[in-house]
1. Give me the pairs: first residue in the stretch A:112-134 and in contact (Cβ under 8 Å) with a residue 60 or more places away in the chain, second residue in a loop (DSSP other than H, G, I, E, B) and surrounded by 14 or more Cβ atoms within 10 Å (Cβ to Cβ), beta-carbon distance under 7 Å, and six or more apart or on different chains, which are they?
2. In the stretch B:10-31, what residues are assigned to a loop (DSSP other than H, G, I, E, B), more than 13 Å from the chain's Cα centre (by Cα) and more than 8 Å from every other protein chain (Cβ to nearest Cβ)?
3. Which of the residues belonging to the stretch A:241-292 are surrounded by fewer than 20 Cβ atoms within 10 Å (Cβ to Cβ) and within 14 Å of chain B (Cβ to nearest Cβ)?
4. Across the stretch A:218-239, what is the number of residues that are part of a strand (DSSP E or B) and at pLDDT 90 or above?
5. Name every residue in the stretch B:41-57 that is closer than 16 Å to residue B:81 by Cβ and either at pLDDT below 90 or in contact with a helix residue (DSSP H, G or I) (Cβ under 8 Å, 6 or more places away or on another chain) (or both), in order of residue number.
6. Filtering the stretch B:32-53 down to residues that are more than 21 Å from residue A:203 (Cα to Cα) and over 14 Å from the mean Cα position of the chain (by Cα), which residue is nearest to the other protein chains (Cβ to nearest Cβ)?
7. Considering every residue within the stretch B:58-67, establish whether at least one is more than 23 Å from residue A:215 (Cβ to Cβ) and either within 14 Å of chain A (Cβ to nearest Cβ) or modelled with pLDDT under 90 (or both).
């Protein structure tokens with residue numbers, strides 16, 4: 001192959017060597033963004049095509065596609081496999097079935113999002129049943145709002161949409177999603193997952209948003225519902241709790257907010273029914289958090305763990321969220337040694 | 001309420017309630033508390049409640065921005081601004 005140096009190449013060659021990798025990196029990033037955009041367009045068109053089918057048929061279609069996809073090539077699930085092995089006492093065969101099911105449900109989550117705008121109060125039951133609404137009503141009768149503690153369950157967005165359609169005012173605290181690579185991919189992702197309305201506000205946890213807890217408390221004062229995800233890992237003011245055979249740092253924000261506002265707390269979980277659809281959301285009885293923060297976090301997490309053990313495919317495992325620390329063995333729970341005080345000015 | 005009183009009250013609260021988690025024993029006026037991880041969203045929540053109870057001011061949503069809470073000096077300036085605004089509003093009502 002004959003190499004012809006065009007003027008632009010010559011300019012690049014003339015620049016210091018240290019600059020060259022950055023220039024190539026720029027091209028590499030642009031190429032990756034274009035590839036991500038192209039992938040996003042194809043994937044969204046595919047999701048949209050499936051969403052034209054009636055709900056139950058679309059769900060079956062997703063199950064078939066997912067099975068077919070997994071029979072063609074095994075997706076990289078080594079982290080998930082190890083995490084499940086450390087958490088649940090199940091055999092290898094059962095574990096593989098669980099991984100297949102959790103992957104199919106993840107795919108369905110993507111399709112389901114396209115149905116939200118087409119459902120209303122009368123038709124939402126085709127997607128999700130909400131049990132325990134009387135508990136929520138009882139909590140709201142106190143007049144201090146209600147803190148609904150939930151985990152990262154598949155179908156959580158459907159649950160929020162259902163509550164919204166049933167007339168409840170929500171404030172859902174969420175971690176800001178990681179940005180997709182390309183601008184079109186970002187736009188499509190935002191469009192697909194944006195269900196925020198006047199009655200269902202998302203309070204985004206991101207570096208510049210300092211007032212998020214205060215906004216949640218103001219929601220409680222208006223007797224609204226605050227949805228908090230209690231299985232986020234590496235949160236600020238995390239406390240160590242026993243969770244799925246391990247000691248894990250978990251957020252204590254819901255406890256701090258409950259103590260300060262006096263609002264009742266309810267736990268909630270979402271799982272698939274026997275045939276997949278409709279999904280079932282279960283809201284527990286309201287209770288008031290008192291006393292020790294660590295004990296309160298443990299109490300909330302115990303309820304969630306019970307649901308995860310019952311319906312393990314319906315929970316988004318840490319490995320699927322990129323939050324698994326790689327350890328399957330239990331770290332012995334012990335108080336962290338207090339650090340020596342330091343001077344911030346030094 | 002002297003300038004020292006406001007600043008020292010804020011510093012004491014930050015040290016006793018927020019900074020101990022990070023193992024911090026002293027804070028200078030211009031130390032960035034947000035970059036230092038001392039002030040998080042839960043920290044702001046506690047601070048605002050402290051401001052409301054101690055200085056009798058209301059903190060609206062639009063004031064929950066980093067430049068009002070970044071350092072001890074920023075917070076002192078903010079509290080004084082709000083206290084002055086509240087006093088001005090009361091005077092206007094009296095007139």
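The values are calculated or read from the model by the stated rules, or taken from the named source; none is laboratory data. Computed from a predicted structure; not experimentally measured. Neighbour counts are summed over all protein chains in view; Cβ atoms, including those assigned to glycine, are modelled from backbone coordinates with ideal geometry.
1. Hits for this filter: A:115/A:127; A:116/A:195; A:127/A:119; A:128/A:155; A:132/A:284.
2. B:30
3. Within the stretch A:241-292, A:249, A:256, A:259, A:260, A:261, A:262 meet the criteria.
4. Of the residues in that region, 5 qualify.
5. Selection gives B:47, B:48, B:51, B:54, B:55, B:56, B:57.
6. Filtering the stretch B:32-53 for residues that are more than 21 Å from residue A:203 (Cα to Cα) and over 14 Å from the mean Cα position of the chain (by Cα), the one nearest to the other protein chains (Cβ to nearest Cβ) comes out as B:36.
7. no
Listed here are the residues, each with its yes/no results for (1) over 17 Å from the mean Cα position of the chain (by Cα); (2) modelled with pLDDT of 95 or more; (3) part of a helix (DSSP H, G or I).
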residue	(1), (2), (3)
A:278	yes, no, no
A:294	yes, no, yes
A:298	yes, no, yes
A:304	no, no, yes
A:320	no, no, yes
